[in-house]
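Written below as structure tokens is the structure these notes are about.
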Amino acid sequence: MATFRFGGLVTLGMAPAVAVSVFVGAVSPAAPIADFLSPLPGAVDPVTAFDPPDRRWAAGHRGIDLAATVLSPVQAPADATVLFAGQVGGKPVVSLDHGGGLRTTYEPVTATVDAGQVVAAGEVIGHLVAGHPGCPVEACLHWGARVASGGPSGDDDDYVNPLGLLADADRPIRLKPTQPGDGV
């Protein structure tokens, strides 16, 4: 694999027609860890819940899946620097650094941005494509978020529920069923 460095960017040539860029320079200033926009236009419609693993290496769902339509624009939910835009395991992925140790990831998203690019809240970073495994609707955006715990390798980062980043008015409301004796 060939590696090329251009300022703060490193480009990894993985095949003659495939290149991926990863930003390795400075990150954006610290951003608040609340009041984010939805990464999709319209109301947030979660179809698969956040289900972090009991142990870091175990199976789990380290984000949420939002229902959408194919080719929906995916937007930066807050100001950020693009950390990664390319393929991971055959899936198109975009990863953003919001400062303060907070990183978010979006898949399957065909990027319209490049690693190292600074994006503003609401700016389109790509378009949703079909093919997210387990998606019960036409297309799902997997939205993941993690907060750095301070370890040098990132292995100790904590995954957080991205819905907790949204402004209160934008969080979806889910009513729980009542049971006899709940006082309702």
>> Within the stretch 143-150, does at least one residue satisfy the condition of being exposed (fewer than 10 other Cβ atoms within 10 Å of the Cβ) and either at pLDDT below 95 or within 27 Å of Gly90 (Cα to Cα) (or both)?
In response: yes
> Residues of the stretch 118-135 being over 18 Å from Leu37 (Cβ atoms) and touching a Ser or Thr at 6+ places or on another chain (Cβ under 8 Å), which ones?
Replying inline: Val129, Gly134, Cys135
> Out of all the residues in the stretch 71-88, which are of a type in the set (A, V, I, L, M) and within 11 Å of Val113 (Cβ to Cβ)?
Replying inline: Val74, Ala76, Ala80, Val82, Leu83, Ala85
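The values are calculated or read from the model by the stated rules, or taken from the named source; none is laboratory data. Just so we're clear, the structure is a prediction, and the values are computed from it rather than from any experiment. Cβ atoms come from the backbone with ideal geometry, glycine included; neighbour counts cover every protein chain shown.
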